[in-house]
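Take a look at the structure set out below.
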Amino acid sequence: MTSNLQIISFLVSFIYGIFFYFLTIINFKLIESLKVYLKHILTFIYTIDMTIIYIIIIYHLNKGYFHIYFIMMVFIGFFVGFILHKKLLSKIDVKRFFKN
């Protein structure tokens, strides 16, 4: 695998981690009113689906080469998504948009 392809794979994994974090937030918002066992089942299915989508993207991107450090980049992207969410959420004043 060339170094350019590895850098592209790193970036895709990092961006996928951020994307995965925000979709996880949406998933939790959608299933918050369901029963506990349904939450667990839907979260498990969601996680399996997101993992399969990531593996397909990486396999198409670099023709089947899959390294463990790409997964580390997904975790780092997930953590950066968490930090971005906390920073952006604390800066937005939603109440000023909904004045009575």
Check: All but one of (1) modelled with pLDDT under 90; (2) surrounded by 12 or more Cβ atoms within 10 Å (Cβ to Cβ); (3) of a type in the set (D, E, K, R) hold for Lys39; which doesn't?
Finding: (1)
Checklist line | In the stretch 67-85, the residues that are open to solvent by less than 80 Å² (accessible area, probe 1.4 Å) and hydrophobic (A, V, I, L, M, F, W, C) | finding: Phe70, Ile71, Met73, Val74, Phe78, Val80, Ile83, Leu84
Check: Among the residues of the stretch 12-34, is any open to solvent by 80 Å² or more (accessible area, probe 1.4 Å), outside any helix (DSSP H, G or I) and out of contact with any helix residue (DSSP H, G or I) (no Cβ under 6 Å at 6 or more places or on another chain)?
Finding: yes
Next item on the list: Only residues in the stretch 6-30 that are closer than 18 Å to Thr43 by Cα count as the first member; pair them with residues that are among the charged types (D, E, K, R) and surrounded by 13 or more Cβ atoms within 10 Å (Cβ to Cβ), Cβ under 9 angstrom, at least 6 apart or cross-chain, and list the lot.
Entry: Phe28/Lys39
Next item on the list: Pull up the stretch 47-66, narrow it to residues that are part of a helix (DSSP H, G or I) and more than 17 Å from the chain's Cα centre (by Cα), then point me to the one that is surrounded by the most Cβ atoms within 10 Å (Cβ to Cβ).
Entry: Asn62
Next item on the list: Run Phe82 past the list (1) at positive phi; (2) at pLDDT 90 or above and report the number of the one that doesn't hold.
Entry: (1)
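The values are calculated or read from the model by the stated rules, or taken from the named source; none is laboratory data. Model, not experiment: these values are computed from the prediction. Quick reminder, even Gly has a Cβ in these numbers, built from the backbone with ideal geometry, and neighbours come from all protein chains shown. The protein model used for the area step is the full one, side chains on, heavy atoms only, and it has no ligands, DNA or RNA in it. Shrake-Rupley method; radii C 1.70, N 1.55, O 1.52, S 1.80 Å.
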